[in-house]
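Heads up, the thing below is written out as structure tokens.
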Amino acid sequence: MFTLQALPAKQESLSSSELIAIPFTKKDEIFQFPFQASFVKALEKTLEAQLTDELAFFAATGKAGELFEFPISHSDFDADRILLIGVGDSSSSSLRTAGATLGKRIRGKAIELAAIAPQAKDEIRAFAIAVHLGAYLWNQKSDKTLEIPRAIMITSEQEIIEEAGVISNAITFARDLVHTPSNIKNPQWLAAEAVKISEANGLTIKVLAGKELKEFGGLLAVGNSSPKPGPRFVEISYLPKGKKKSSSLMPHVVIAGKGITFDTGGVSLKRPYDTMTAMKSDMAGAAAALAVINALPALNPNVRVTVLMAIAENALSGSSQRPSDVIKHYGGTTVEVINTDAEGRLVLADALAYADMNLDPDYLIDIATLTGAATLGLGRQYAAMYTRNMKLASALMAIGEANGDRVWHMPLIDEYTDALESDIADLNHTADKGDYSAGSVTAALFLEKFAGNRNWVHLDIAGTARSESDSGENPKGGTGFGVRLLVDWITSLS
Ligand code: BES
Ligand code: MN
Ligand code: ZN
């Protein structure tokens, strides 16, 4: 496993690393070493190197992520290279770019990097997480064993580095689940992963399958398209150490994740067909939720958290549901199925109703790769967030701007509610009556019907859960979007 470690600002701390990274910036045409300047100066002296000369030689501009390397040779250090890494304006966002560049530099190599870290806690954390995320690699190539790099952060803030490690491990865990192909990742496998990791972190977990799911009409309608092994409903709970469930001072957060292990569209087969290949990531919401709750014991926030994973495969088979079927959700609401490719809202409807009726949540969040329309509206950098609670919306937006999991507050447009009308059931599930075309909005309005009167937030991560190219902190494939957002939000509540 990738390791992040903190070591104090002493030259001995650098002695065994293969690479030494020094952040720089350029202001008013002058090169600067913004972090731990006196330590950098002493290092320059030992190495008999002039870093500013090197930077001038490379015609460096100081922008975030700019990387230059020059050779060194000194008996006190194993390193044979210094990496000069641009940090731009030293904002958290620039530090994420810089950290990710360093991470990418050591990706897939069994080498150790020591990096001079920023001073402020938030900045150290952003930088360290980004190094790990940039170094992330997942593949199943059979021709070589995976080499794992290590990163040392030169800082006295040991606790911050540990916290960064907990969060970056959670993000990369979510990525691993998303990257896993669907011939391995069937619903039974995903539920078993949830059991494994929850038990390892001291969480309580319950898995429902088969007959135990008879009230979960949406999950069954979708998941019985692939009856072997069929769908799963997972419930995981976190309680801070030494707390009883009944403590009324502690808020209860419930997070429900869409866990479609593969989305063919069902009988309403996805077209054009090449859009289907990305659909192994249709469980990214459930993966993020699982990763969040597994990070909590190490961070010990004073919040009660329950995670629900609605896990099913949306397959095309003789037992697939049909367009025009009427199903009954958890709690009794009936729904006319129109397009079987809108399966996410069907499995989430059960999870939301279950949470509302059984768990008494103070906050009810769902996270789902729900609609292509969310990506049309916002692209891949912002997730679509729906909620009627303005305070909650601004809190989540601010947290995302700070930590990189950015969300945009979208409107729940009441005039579009008649899109949900059905002649024969309580609701029509595709929400396409009236031709409003706002597919992400009408999907949110559908989900809201199942959230009761709760403080509900819907995160449509269809655009952000997956990256189409290898860029910055994100590899091509699963990003782990939502983990940082929800972990930081939960810890802010306590
Ligand atoms: N999983 C898809 C949404 C999606 C699309 C996620 C692209 C990531 C990338 C979802 O199940 C879906 O198929 N939604 C349909 C809904 C429509 C049929 C109402 C869509 O967005 O086209
Ligand atoms: Mn679909
Ligand atoms: Zn889907």
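Taking the Cα centre as origin and putting +1 on Lys and Arg beta-carbons and -1 on Asp and Glu beta-carbons, what dipole magnitude results for region 170-493, to the nearest 20 debye? Kindly include the intermediate steps, with their values, before the conclusion.
Values: 30 positive and 35 negative charges, 226 e Å.
My answer is approximately 1080 debye.
Which pairs in the list Lys280/Lys476; Lys211/Lys328; Lys214/Lys433; Lys206/Lys241 are over 23 Å apart, alpha-carbon to alpha-carbon? Mind showing how you got there, number by number?
Details: Lys280/Lys476 13 Å; Lys211/Lys328 15 Å; Lys214/Lys433 29 Å; Lys206/Lys241 20 Å.
Correct reply: Lys214/Lys433.
Provide the FRET efficiency to the nearest 0.05 for the Glu48-Ala398 pair, computing r from the beta carbons and using R0 = 35 Å. All intermediate terms of the calculation are to be shown ahead of the outcome.
Numbers: r = 46 Å, r/R0 = 1.32.
So the FRET efficiency works out to roughly 0.15.
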task: Can you pull the one-decimal nm distance between simple spin-label points at Lys476 and Ser38, each 7 Å off the Cα toward Cβ?
output: 4.8
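Work out the length of the dipole vector of region 380-494 about its Cα centre, built from +1 on the beta-carbon of each Lys and Arg and -1 on the beta-carbon of each Asp and Glu, and round it to the nearest 20 debye.
Details: 10 positive and 16 negative charges, 105 e Å.
Roughly 500 debye, rounded to the nearest 20.
Would you order Glu313, Glu159, Glu473, Glu193 from fewest to most other beta-carbon atoms within 10 Å of each residue's own beta-carbon? Intermediate results must be reported in sequence, preceding the final value.
Details: Glu313 29, Glu159 10, Glu473 25, Glu193 18.
The most exposed by this proxy come first: Glu159, Glu193, Glu473, Glu313.
Let me know the shape class of region 170-493, please: from the alpha-carbon gyration tensor, a ≥ b ≥ c as square roots of the eigenvalues, rounded when a/c is under 1.5, otherwise prolate if a/b is greater than b/c, or oblate. Intermediate values should be presented prior to the final figure.
Values: a/c = 1.27, a/b = 1.24, b/c = 1.02.
Here region 170-493 falls in the rounded category.
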statement: Quick note, region 138-183: a/c under 1.5 would make it rounded; otherwise a/b > b/c is prolate and the rest oblate (a ≥ b ≥ c, C-alpha gyration tensor); here it is oblate
field: Relative packing of 110-117, 216-223, 419-426, which averages over residues the other C-beta atoms within 10 Å, highest first
entry: 216-223, 110-117, 419-426
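Mind running the shape call on region 380-494? Use the C-alpha gyration tensor, a ≥ b ≥ c as the square roots of the eigenvalues: rounded below 1.5 for a/c, prolate if a/b tops b/c, oblate otherwise. Please report the intermediate quantities before stating the final value.
Details: a/c = 2.64, a/b = 1.56, b/c = 1.69.
Note, shape of region 380-494 comes out oblate.
Cut-off is 10 Å between beta-carbons; in what order do His458, His409 appear when sorted fewest neighbours first? If you can, show how the numbers build up before the last one.
Working: His458 29, His409 15.
Lowest count first: His409, His458.
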- prompt: Just the Cα atoms of region 3-156, one point each, no solvent: what log10 I(q)/I(0) does Debye give at q = 0.09, 0.18, 0.21 Å⁻¹?
  reply: -0.26, -1.04, -1.41
query: Quick one: helix 284-299 against the long Cα principal axis of the chain, what's the angle to the nearest 10°, folded into 0 to 90?
result: 60
statement: Residues other than Phe173 with Cβ under 14 Å of its Cβ, Lys/Arg counted +1 and Asp/Glu -1, net out at +2
query: Farthest toward the dipole's positive end in the chain, which of Thr277, Gly480, Thr145, given Cβ charges of +1 (Lys, Arg) and -1 (Asp, Glu) about the Cα centre?
result: Thr145
task: Mind giving me the nanometre distance, one decimal, between the label points for Gln140 and Val195, set 7 Å out from Cα along Cα→Cβ?
output: 2.1
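Any idea what the dipole of region 232-290 comes to, in debye rounded to 20, about its Cα centre with Lys/Arg Cβ at +1 and Asp/Glu Cβ at -1? All intermediate terms of the calculation are to be shown ahead of the outcome.
Values: 9 positive and 4 negative charges, 74 e Å.
Using Cβ point charges on Lys, Arg, Asp and Glu, region 232-290 gives about 360 debye.
Every number here is computed from the coordinates shown, using simple stated rules; none is lab data. This one's a predicted model, so the numbers in the text were calculated from it and none came from an experiment. Ideal geometry is used to build each Cβ from the backbone, glycine not excepted, and the neighbour counts take in all protein chains shown.
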